[in-house]
């Protein structure tokens with residue numbers, strides 16, 4: 001079983017930034033640190049895991065044509081234009097048993113950070129009338145099961161405080177616990 005761990009965004013497009021903090025909190029750099037910790041911890045557990053960051057097209061190519069993982073977990077931090085949005089969510093592909101695995105990831109993130117659950121989300125984009133107008137390209141184009149994790153909102157002044165409380169280690173720990181459960185469940189299915 002192979003896991004590709006990727007931070008959301010890349011240095012040239014670093015994702016969400018909270019400029020209200022000195023120094024500013026930048027999504028990509030926090031998620032990159034957490035992703036590297038995940039891979040390091042998984043290697044000690046004899047799980048095949050690789051770190052990969054890049055532009056969306058590079059990640060899709062690496063996943064589909066080069067390493068061909070069973071799972072791709074991309075670490076993100078949420079942000080919107082107003083401070084009231086809060087909570088944890090996991091976006092997943094909706095294929096086969098991906099929902100049950102997404103639930104495991106969500107539960108581990110909720111356990112670690114004790115934030116409100118925004119639940120599991122399918123990878124669709126909606127207009128202001130609720131009509132589907134697109135699908136997440138990473139999930140749509142990758143051949144493996146893809147999970148996008150969003151443990152908190154950088155735009156929420158209370159949640160962003162968690163960044164300064166050993167956040168990257170805690171984020172990585174939650175993802176590693178989830179992967180260990182997924183691996184155990186998948187191994188159980190294979191032996192049935």
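Any read-out appearing in this document is the output of simple, stated calculations on the displayed coordinates, not a laboratory observation. All values derive from a computational prediction rather than experimental measurement.
Assorted remarks:
- Percent RCO, i.e. relative contact order, over the chain, from Cα pairs under 8 Å lying at least 6 residues apart: 27 percent
- Cα long-axis angle, helix 98-113 against the chain (0 to 90 degrees, to the nearest 10): 50 degrees
- In terms of its Cα atoms, segment 26-109 spans 40, 30, 28 Å along the principal axes, sorted from long to short.
- Dimensionless Rg/Rh of segment 2-191 - Kirkwood Rh, Rg from C-alpha atoms: 0.94
- Take every DSSP beta bridge whose two residues both sit in segment 82-169; close to 65 percent of them are antiparallel.
- 222 nm mean residue ellipticity, helices alone, for the chain (DSSP H n ≥ 4; -39,500 (n - 2.57); rounded to 500): -12000 deg cm²/dmol
- Global geometry of segment 117-167, whether rounded, prolate or oblate, following the gyration tensor of its Cα atoms and the 1.5 cut on a/c: oblate
- DSSP beta bridges in segment 2-191 [antiparallel fraction, %, rounded to 5]: 35 percent
- On Cα atoms only, tilt of 167-191 relative to the major axis of the chain in degrees: 30 degrees
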